[in-house]
Amino acid sequence: MKKVIVYGSPMCPDCVEAKKVLDAEGIRYGYVDVTAGMPHLKKFLALRDSRSEFDPVKEEGKIGIPCFVVDDKDVYIMLPEDLDVLR
């Protein structure tokens with residue numbers, strides 16, 4: 001089983017929907033609410049600011065959530081079309 005970490009916020013409609021999809025599909029994941037406290041936000045920002053996958057998102061002035069990190073290496077911004085990459 002893959003290790004899946006989701007960075008998101010309950011204030012983000014895309015994040016709420018992504019969690020519903022993951023739950024419905026039975027995909028296990030850890031969830032980091034970036035709005036729950038400074039340590040969570042700092043962890044996400046360190047990831048976001050060190051990965052080129054976020055460059056287009058940052059150029060659009062967006063935050064980059066929901067963000068899915070699989071096995072500490074693969075990063076997806078938004079829910080992947082192929083959910084098998086999360087299984």
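Derivation of every value follows stated rules applied to the coordinates shown; laboratory data play no part. Given the structure is predicted, the values throughout are model-derived calculations rather than measurements. Virtual Cβ from ideal backbone geometry, glycine too; neighbours counted across all protein chains shown.
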* Asked: What ³J(HN,Hα) values, in whole Hz, does the Karplus curve 6.51 cos²θ - 1.76 cosθ + 1.60 give for segment 48-54 when θ = phi - 60°, with x put for Gly and Pro?
  -> 4, 7, 10, 10, 5, 4, 8
* Structure fact -> Partnerless cysteines (no other Cys beta carbon under 4.7 Å) identified across the chain are CYS67
* Asked: So, counting K/R as plus one and D/E as minus one, what does the shell of residues with Cβ under 12 Å around MET78 add up to?
  -> -3
* Asked: Within segment 4-86, what percent of beta bridges assigned by DSSP are antiparallel, to the nearest 5?
  -> 65
* **Extension gain (nm, one decimal) between ASP72 and GLU60, 0.36 nm per residue minus Cα-Cα** => 1.8 nm
* **Base-10 log of normalised Debye intensity for the chain (one unit scatterer per alpha-carbon) at q = 0.10, 0.12, 0.14, 0.19 Å⁻¹** => -0.22, -0.32, -0.44, -0.83
* Calculated from backbone phi, Karplus (6.51, -1.76, 1.60) coupling profile of segment 12-28 in Hz, x at Gly/Pro -> 9, x, 5, 5, 4, 5, 4, 4, 4, 5, 4, 5, 5, 7, x, 8, 7
* What does the charge add up to near ASP14, with Lys and Arg as +1, Asp and Glu as -1, over the other residues with Cβ less than 13 Å from its Cβ? -> +2
* **Formal net charge of residues neighbouring ASP49 (Cβ-Cβ distance under 13 Å; K, R +1; D, E -1)** => +3
